[in-house]
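For reference, the structure discussed in these notes is given below.
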Amino acid sequence: MRIIISPAKKMKVDIDSLDYNQVPQFIEDTEILLSYLRTLSYEELKSIWKCSDKIATLNYDRIHNMDLYSNLTPAILSFEGLQYKHMGQNVFETEEFEYLEEHLRILSGFYGIIRPFDGVVPYRLEMQSKLGSEDINSLYEFWNEKLAKQLFSESKHIINLASKEYSKCISKYLDKEVRFITCVFGEIIEKKIVEKGTLAKMARGEMVRFMAENQIKDVDGIKGFNRLDYTYEDHLSDESTYIFLKKNK
């Protein structure tokens with residue numbers, strides 16, 4: 001079984017807490033992307049990033065000073081944001097970290113697929129970004145089916161906790177042998193299941209934590225998730241979508 005999640009825009013450097021195990025497996029592709037990004041002007045990069053001058057300046061400097069092989073932070077400690085805060089990785093024990101290294105995969109526009117203890121540097125490049133080159137425009141086209149092939153070679157059972165922007169680089173290439181289960185964390189509003197972005201990010205992080213703490217290795221084991229007032233709803237779920245509804249207080 002493999003769990004896929006999205007990265008976070010905000011990243012930090014932490015080379016002291018834990019050692020990284022290896023560099024990401026598609027690092028040669030990352031080198032290609034980095035070389036191309038370095039040919040772009042500040043304004044071109046800011047347009048790709050769709051961000052403020054402050055954030056653009058920070059990441060422009062990062063691009064031109066980036067070393068993909070030095071001062072690396074384990075990915076599980078590098079990404080910040082709601083999902084990662086609710087994952088609570090800073091208080092995990094060795095057993096939980098070992099579980100995540102085996103089962104968790106972070107999808108990335110820059111690195112492709114990242115294992116939790118792959119060493120990474122802070123970057124900004126969302127999967128849906130348009131790079132404006134004839135050779136490299138769409139990152140979906142750049143990565144093509146490579147990420148899905150790698151994931152499916154590891155397991156035919158995938159728990160999808162990633163956003164649509166990231167999960168589609170996997171779901172597009174599904175075949176009959178792969179069981180791909182998307183978790184929806186929603187609530188009933190006007191007789192419809194509505195998933196709210198902020199709450200969903202929190203719940204995805206809590207689900208990863210739940211799975212690591214309980215060492216869940218079977219897809220049906222996630223049905224026991226009951227954090228943040230969410231419970232699994234069997235009558236609303238099917239083979240490819242597990243629905244978790246938030247209780248109304």
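Quick note: the coordinates plus some simple rules give every number you see, no bench work behind them. What you are looking at is a predicted structure, and each value in this text was computed from that prediction instead of being measured. With ideal geometry, Cβ positions are generated from the backbone for all residues, glycine too; neighbour counts draw on all protein chains shown.
Taken along the Cα-to-beta-carbon direction at a fixed 7 Å, the label points for residue 98 and residue 235 span 4.2 nm.
The mean sequence distance of close C-alpha pairs (under 8 Å, at least 6 residues apart), as a share of the length of segment 1-137, puts its relative contact order at 43 percent.
Other residues whose C-beta falls under 14 angstrom from the C-beta of residue 67 contribute a net charge of 0, scoring Lys and Arg +1 and Asp and Glu -1.
Computed over segment 148-249, the P(r) tail beyond 24 angstrom holds 22 percent of alpha carbon pairs. The Cα atoms of segment 1-61 define a convex hull whose projected area, averaged across directions, is 6.2 nm².
Farthest towards the positive end of the charge dipole of the chain, among the residues 100, 123, 244, is the Cα of 244, using unit charges on the Cβ of Lys, Arg, Asp and Glu. The C-alpha radius of gyration of segment 32-145, expressed as a fraction of 2.2 N^0.38 Å, stands at 1.16.
Adding -39500 (n - 2.57) for every DSSP H run of four residues or longer, then dividing by how many residues the chain holds, sets the calculated 222 nm ellipticity at -10500 deg cm²/dmol.
Here the Kirkwood formula puts the hydrodynamic radius of the chain at 18.9 Å, using every distinct Cα pair.
Local charge for residue 176 was computed over the other residues whose Cβ lies under 14 Å away, with Lys and Arg +1 and Asp and Glu -1, and equals -1.
Backbone geometry of segment 183-197 corresponds, through the Karplus equation with coefficients 6.51, -1.76 and 1.60 at θ = phi - 60°, to 3J(HN,Hα) couplings of 8, 10, 10, x, 8, 7, 10, 6, 6, 10, 7, 10, 9, 9, x Hz, x marking Gly and Pro. In this calculation the C-beta distance from residue 55 to residue 168 is compared with R0 = 25 Å, giving a FRET efficiency of 0.50. Taken one residue at a time, the phi angles of segment 43-55 give Karplus couplings (6.51, -1.76, 1.60, θ = phi - 60°) of 5, 5, 5, 4, 5, 5, 6, 6, 9, 6, 4, 4, 5 Hz. Gly and Pro are set to x. What the Cα convex hull of segment 190-233 gives, in volume per residue, is 81 Å³. Our coupling estimate for segment 63-70, obtained by passing each phi through the Karplus curve with A = 6.51, B = -1.76, C = 1.60 and θ = phi - 60°, is 4, 7, 10, 6, 10, 6, 10, 10 Hz, Gly and Pro reported as x.
In the chain, the longest principal axis of the Cα atoms and the axis of helix 94-103 are about 80 degrees apart. Modelled label positions at residue 154 and residue 213, each set 7 Å beyond Cα in the direction of Cβ, lie 2.4 nm from each other. Between the listed residues 199, 186, 167, the Cα displaced farthest toward the positive end of the dipole of segment 152-238, a dipole computed from Cβ unit charges relative to the Cα centre, is found at 167. Segment residue 226..residue 47, full-extension length gain: 60.3 nm, with 0.36 nm per residue of separation and the alpha-carbon distance subtracted. Net length available on complete extension from residue 135 to residue 175 is 11.6 nm, with 0.36 nm assigned per residue and the Cα-Cα distance removed.
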